[in-house]
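The values are calculated or read from the model by the stated rules, or taken from the named source; none is laboratory data. All figures in this text were calculated on a predicted structure; none of them were measured in a lab. Because the Cβ atoms are built from the backbone with ideal geometry, glycine has one as well, and the counts that use them run over all protein chains shown.
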Amino acid sequence: MAKRYTSYFLGAFVSVAVTLALLQAEAATPAVYIFGDSTLDVGTNVFIPECLAKADVYFNGIDFPYSVPTGRFSNGLNTADEIVRLLGWKRSPPPFLYLLNDKSTFKQNILQGANFASGGSGIINTTGQTQFNRVISLEDQIKQFSTVRSNITNMTGSDAATDRILSKAFFLISIGSNDILEYLLNLTTPPMSIPEFNVTLLSTYENHLKTLYDLGARTFGILAVPPIGCTPFARAVFTQDGSCFEPAEQFAQAFYVEVAALLKQFSSAVQDIRYSLGNTYLMTTTMMEDMLAFGFRNIAAACCGNGTYKCNQTASFCANRDEYLFWDQFHPSQRASEMAALTLFGASESLVAPMNFSQLLGVNVFRLFLYAFFEENESL
């Protein structure tokens, strides 16, 4: 009898929690659904046993609360966290695979968002699959989101209600770097000419965006490819003098132009989407060219490892992490991610077009930045 009563009570509690979450989904702070690669991955790959692209070892997470590695390729918070903090959340929503482990709260949690990003993944399905054994491609991330949509519809009782909720959500995407790097490393399968690769990359990306649109996405924040030729890895592997690798730089710049044209055409065709495209190439090169103004003293080396070695507990790491643009051989430091997020929310059209994230989402950045500042200092 007691067991039956407890089960009834828990069931009622979960029902109330889901109802409250549904109401919150209609509120001002949007749900956030995140897709992409290691720039935004907050631990997805930790839940893939055979995956080789993981950040679940020290010194990753050294500046995260309690100095624990969380699967983020960062010394602390990553770009997904910093963007979401400016929306009023504490950090990125958890990985979808993490949420899936707890069936009792899954439906409640997915109304607030989920992170599908997988380090090493790409726009093209085969990207990362050989190099890292297994990652979750953008196509499969979107299939996971389709599961989320189905569960929301089960709660709301209608597709129309689900569409209304998802139309107010924010869809954040950062992907493409791994596709380009694998092409330059001759790892793309099947082998393609440069024109063939570019057409495949952009047409596949367009199809993915259309699928998300069909699933209810209406508000997109998209990050282009940063200057991947200037990462510590590219400087160490592709050049002998430690300079930026120009072919990768050209690919990254072209990718922004092509994605900008794609989004302009797409938004003209469907008309009810809104988007911001972050020119992360120009954002990062601006930080590099005026590094002292952004508080950086080293824009070429990795804080953890030296560019040719992975960041782990055997690697050396810097003490002044906020002064480094790069945490490891590929990824930005927590400080760089914070600067990127603030730029995305506050910059002019030359860096974020056709509007910045603040304009896209109706966010008072100054108020939320103060909130994030006091939240951070309360935890110290």
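Brief remarks on what is shown
- Complete set of residues in region 33-62 that are in contact with a Leu (Cβ under 8 Å, 6 or more places away or on another chain), touching a residue at least 60 places away in the same chain (Cβ under 8 Å) and surrounded by fewer than 22 Cβ atoms within 10 Å (Cβ to Cβ): ILE48
This table checks each residue for (1) modelled with pLDDT under 95; (2) within 15 Å of the chain's Cα centre (by Cα).
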residue: TYR98; (1), (2): no, no
residue: GLY122; (1), (2): no, yes
residue: ASN125; (1), (2): no, no
residue: SER137; (1), (2): no, yes
residue: MET155; (1), (2): no, no
residue: SER167; (1), (2): no, no
residue: ASN186; (1), (2): yes, no
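- Which listed residue is farther than 20 Å from PHE170 by Cβ and in a strand (DSSP E or B), from ILE222, ILE299: ILE299
- Tally of residues being within 14 Å of ILE123 (Cβ to Cβ) and surrounded by 17 or more Cβ atoms within 10 Å (Cβ to Cβ) across region 152-197: 13
- Residues (in contact with a Ser or Thr (Cβ under 7 Å, 6 or more places away or on another chain) and assigned to a loop (DSSP other than H, G, I, E, B)) located in region 131-146: VAL135, ILE136, SER137
- Close Cβ contacts (under 7 Å, 6 or more residues apart or on different chains) running from residues in region 222-246 that are within 30 Å of LEU360 (Cα to Cα) and aliphatic (A, V, I, L, M) to residues that are modelled with pLDDT under 95 and buried (at least 23 other Cβ atoms within 10 Å of the Cβ) are absent.
- Considering residues of region 273-290 that are without any contact (Cβ under 8 Å) to a residue 60 or more places away in the chain and in contact with a helix residue (DSSP H, G or I) (Cβ under 9 Å, 6 or more places away or on another chain) only, the residue nearest to GLN253 (Cα to Cα): TYR281
- All conditions in (1) buried (at least 22 other Cβ atoms within 10 Å of the Cβ); (2) part of a loop (DSSP other than H, G, I, E, B); (3) of a type in the set (D, E, K, R) hold for ASP241, with the sole exception of (1).
- Any chance LEU111 is surrounded by fewer than 19 Cβ atoms within 10 Å (Cβ to Cβ) and modelled with pLDDT of 95 or more: no
Each row is one residue, and each column tells you yes or no for (1) farther than 23 Å from LEU277 by Cα; (2) of a type in the set (Gly, Ala, Ser); (3) modelled with pLDDT of 95 or more; (4) touching a strand residue (DSSP E or B) at 6+ places or on another chain (Cβ under 8 Å).
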position: THR200; (1), (2), (3), (4): no, no, yes, no
position: ILE222; (1), (2), (3), (4): no, no, yes, yes
position: VAL225; (1), (2), (3), (4): no, no, yes, no
position: GLY229; (1), (2), (3), (4): no, yes, yes, no
position: SER243; (1), (2), (3), (4): yes, yes, yes, no
position: ALA248; (1), (2), (3), (4): no, yes, yes, no
position: GLN253; (1), (2), (3), (4): no, no, yes, no
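- Odd one out for ASN207 among (1) assigned to a helix (DSSP H, G or I); (2) without any contact (Cβ under 8 Å) to a residue 40 or more places away in the chain; (3) more than 25 Å from VAL148 (Cβ to Cβ); (4) of a type outside the set (A, V, I, L, M, F, W, C): (3)
- Only one of the numbered conditions (1) charged (D, E, K, R); (2) assigned to a helix (DSSP H, G or I); (3) touching a residue at least 60 places away in the same chain (Cβ under 8 Å) is not met by ASP328, and that is (2).
- Hey, ALA27 over 16 Å from the mean Cα position of the chain (by Cα), modelled with pLDDT under 50 and in a loop (DSSP other than H, G, I, E, B) or not: yes
- Contact map, region 176-204: residues that are free of Cβ contacts under 8 Å to residues at least 24 places away in the same chain and under 22 Å from ALA261 (Cβ atoms) paired with residues that are assigned to a helix (DSSP H, G or I) and among the aromatic types (Phe, Trp, Tyr), Cβ distance under 8 Å, separation 6+ or inter-chain. Pairs shown: MET192/TYR183; PHE197/TYR183.
- Boolean, TYR66 is part of a helix (DSSP H, G or I) and more than 17 Å from the chain's Cα centre (by Cα): yes
- In region 316-329, the residues that are buried (at least 23 other Cβ atoms within 10 Å of the Cβ) and either in contact with an Asp or Glu (Cβ under 9 Å, 6 or more places away or on another chain) or farther than 11 Å from SER74 by Cβ (or both): TYR324, LEU325, GLN329
- Selection status of ALA302, over 26 Å from VAL32 (Cβ atoms) and at pLDDT below 95: no
- Test: residue in region 170-193 that is under 25 Å from ALA53 (Cβ atoms), acidic (Asp, Glu) and not in a loop (DSSP other than H, G, I, E, B): yes
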